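Report on one structure; see the data block that follows.
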Amino acid sequence: MATCHRLRMEIQQIKIKIDKIDHRKRRAYGIDDIDLGSLTWTTRTSSLKDWNSISYASFPSVVGFNGDAKKLLEFLNDPDPRLQVISIVGMAGSGKTTLAKKVYNSTKRNHLVLDFDSANYKFHFQRHLWINACQGCEPFRILEDIATQMLGKKPPKKKTTSVEDLANNISEWLSNKRYLMVIDDVWDIAVWVAVRAALPLDSINGSRILVTTRDREVASFLNNCSSSHTHRHHKLQLLDENKSWELFCNKVFPRSHEHDCPTELKNLGKQILQSCGGLPLAIEEIGNFLCRRKKTVCVWSATVESIQSQPFTLFKQCSQLLALSYHNLPCNLKWCFLYCTVFPPEFEIHSGKLIRMWVAEGFVHPRRGTSTPEEIGQDYLDRLINKNLIQPTRKGPNGRIKRCRLHPLMRSVAISEARQVDFVSLYTENDFEFPIKCRRLAIHSSSTGNYIPLVVHSAAHLRTLVCFNQDQTGYLLPSKHLEFVCGGLKLLRILDLESVQMSELLDVIGTLVHLRYLGLKRAGLRKLPSTICRLHNLQTMDLRYNSLGGLPKEMGKLQNLRSLDIRDNLITFIPDSICTIRELRHLNMDDDVQSGHLQFHTMRNLESLSVVRVGTWIENGLHNLTSLKRLGIYGGFHVDFEQHLWATILNLGNLYSLRLEGFGSIPLPEGSAAKPRTSHEHLCKLHLSGRLRKLPDLNWFLAATNITQLSLSWSKLKQDPMATLEKMPKLKILRLKMQAFVGKRMVCSAGGFPRLTNLELKHLIKLRDWKIEKGSMPRLERLSIGWCLKLKMIPEGLQHLSSLRELEVLWMLPRFRERLGRDEGEDWFKIQHVNSVVVEGNPINPSQL
């Protein structure tokens, strides 16, 4: 009874606090009708069907979809007569239904299209069908909807009518007819199974099916079901800053002819848009809210404050739509998704760190077979990204996600859901409460130490403590506070104190026997106590960016350790016992570490080994490390090593990243060594630093047909390397740096570099002339030129690179920079189409002036 009474009192206090906030806003800013609403939303599956009743008028206005619509119309107008399934994929609220409706209407005769021209497309669809498929809808209802649209009325009901009967009737009605069918909001393949059973078999009359879904896995399945083998999968991107602002102004100032925003409100409007993250439905919702209110600084300032403190109150409809994706997840993926809230807003999450935390928490369930926990965790992350719950921000050369983040509104949904189930507590400078009920605590503050004593005294049950020092200046954590953590939080599994400075790591750290993840990045450490080797359950140890001089000799006792990162320290020696850790998968160190004598070949589970010194281990057993995916070797490559080195490297079938850095020259395979016995399909990233006698035979590069990223430095090649490199079919990123080429002239030929998107040329000190022929580098998006002090001007032909979006010029001679002057510069015509032109850190393109 006492507990219930206390709970009721707490709820009452919260309500009083909310009422006071609401009252202050009404009195100070003239906001009369902010609907605080419910802080939660229903999770019942039956309620999800209600979203089908939302009228199309309530979805975002058509802004920024012209390019998407034209592309989809081209798909529909494909002369291939076989049935094609075309998918539109995007996160909830991104405008999939709006876009589909626009395309759907454009295919009808006599339909007026106001904002783009569809006259060039000839459509002769005899039937147009629009099917609303919601989560949990039954096959019979879907087929009944199709039949109703075909007949113009509901089909006659019979007691014996079955799904099979309806499917047969629909198949008969659609036979020999060319139709366009839109299936909106498909959640799972069961919907498609029901529809496909009702379609005429082997239709070759040009019929098309357009599907909208928020799940990329569903789209991939549907694309495989097309009679045509053509891949028709359209990813709907979020709006960029300019289109977001256009939509925002259209909604907020609908009666203004130019939809102009007053100057004094522009900065506040930009802040409001940041929380929308380019999501059209969110922009529409907040735009409608502001349209009905006074256009004053006070009102808009209050809106910014409300978004920061209670975003779900102003984005209620959008939040509910986003929440549907969460509620459709299996339990283990729900925990993985909610766990992303331990990272600060707008934070780019390193996928490897996130997955290792999931493993340490026990969220990753083992499977039968040989998959490692990290591989299963990677599959979990891919599934969350495919369902548009997590946004990828950076990919590796092998296509795997390296960094990701939560959309601002998706993070608000996750925080709300996490609070309902006491999953995690988030402490910031202005938001914290005690006592702590959750087993996980994330502190996002520049004064972490202020919270530590309170945490220890009220949360002995804590399993996870994650700290992010926002300004990264390094708050000094007193030794007594660290002792509080180690002495009072005995059940900790995860301890991450990134950028939390400490004078020393105390011996008491060895008492955290349940610890599985220890993150001490940028902690200012100079020494590790030997007691750290008592953490027998430890799986991950991140010690980057410290001042450590060495590691304890007893490191071999950490037999469950899977990842050890000691880069950017003062360590020059590591103990031999490291090589006895059988479970170690990832070992990353600096090239200063004297590691050539170590017996790495005994660590057969290693997947990442970088950067290690040349040594006898290469001859003794590099070939045993068949699980290696990333390998970096540094040192003097003597002739004795050359033949054996490449004979081994080229047959490590799982290797996708290879880095070789040499004192002098880098050996390259020649003759029989250049012909790997395996296909080497995984090798994607290659970095060579050191003198090259010549580029290897073109056939060797083409043998590694999956190389997407190549970096050369100190190569001192005299022949133009472009003639060879431009023939690499999948190359996307090319970096030539630090005298990689010492010739005077370079030419990029027509048809060369078909997939190159990123090109960097740095410190090519003898380069005088560079020419780009028309048709070269058709996909180039970013070009960076720096410290090429003899290059006279931007190359001829740059004006033909229509896909170029970003140009960076660093430390070039004044004459070179003057030619880039806006309007009057001799080379301005070559770069005027580029969105972002930055010279020595100063933007000169119109969009940034």
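The values are calculated or read from the model by the stated rules, or taken from the named source; none is laboratory data. From a predicted model like this one, the values you see are computed outputs, not experimental measurements. Neighbour counts are summed over all protein chains in view; Cβ atoms, including those assigned to glycine, are modelled from backbone coordinates with ideal geometry. Keep in mind that these areas ignore ligands, DNA and RNA; they rest on the heavy atoms of the full protein, side chains included. Shrake-Rupley method; radii C 1.70, N 1.55, O 1.52, S 1.80 Å.
Miscellaneous remarks
- Counting lysine pairs in region 258-342 that sit 8 or more residues apart in sequence, or on different chains, and whose Cα atoms lie under 28 Å apart gives 9.
- Given a 1.4 Å probe and the protein chains as shown, F75 ends up with an accessible area of around 20 Å².
- Three-way shape call for region 478-540 based on the alpha-carbon gyration tensor, with the a/c threshold at 1.5: rounded
- Considering region 360-402, its Cα convex hull presents a mean projected area of 3.8 nm².
- Each part gets one Cα centre, and for region 589-617 versus region 64-106 those centres are 52 Å apart.
- Prolate/oblate/rounded call for region 705-833, Cα gyration tensor, a/c under 1.5 rounded: oblate
- With θ taken as phi - 60° and the Karplus curve 6.51 cos²θ - 1.76 cosθ + 1.60 applied, the whole-hertz 3J(HN,Hα) list for region 182-197 is 9, 10, 9, 6, 7, 9, 8, 6, 4, 4, 5, 4, 5, 5, 4, 5 Hz, x standing for glycine and proline.
- With a threshold of 18 Å on the Cα-Cα distance, the over-threshold entries among K70/K102; K685/K771; K730/K766; K102/K177; K685/K774 are K685/K771; K730/K766; K102/K177; K685/K774.
- Label zone of E808 (point 7 Å out along Cα→Cβ, amide N under 14 Å): in region 732-774 this covers 734-737, 758-763.
- Radius 9 Å from Cβ of N546, net charge of other residues (Lys, Arg +1; Asp, Glu -1): +3
- The HN-Hα couplings worked out from phi for region 82-92 by the Karplus form 6.51 cos²θ - 1.76 cosθ + 1.60 (θ = phi - 60°) are 6, 4, 10, 9, 10, 10, 10, 10, x, 6, 4 Hz, whole numbers, x standing for Gly and Pro.
- Ordering of 172-184, 261-273 by burial proxy (mean other Cβ atoms within 10 Å per residue, highest first): 172-184, 261-273
- Relative to its Kirkwood radius, the Cα radius of gyration of region 311-448 gives an Rg/Rh of 0.96.
- Greater than 19 Å apart at Cα, pairs in K716/K790; K353/K732; K732/K762; K71/K727; K792/K830: K353/K732; K71/K727
- Efficiency of FRET from Cβ geometry, H687 and Q271, R₀ 56 Å, rounded to 0.05: 0.85
- Efficiency of FRET from Cβ geometry, D769 and T572, R₀ 45 Å, rounded to 0.05: 0.50
- The modelled label-to-label distance for the pair E583/Q420, using points 7 Å beyond Cα in the direction of Cβ, is 3.6 nm.
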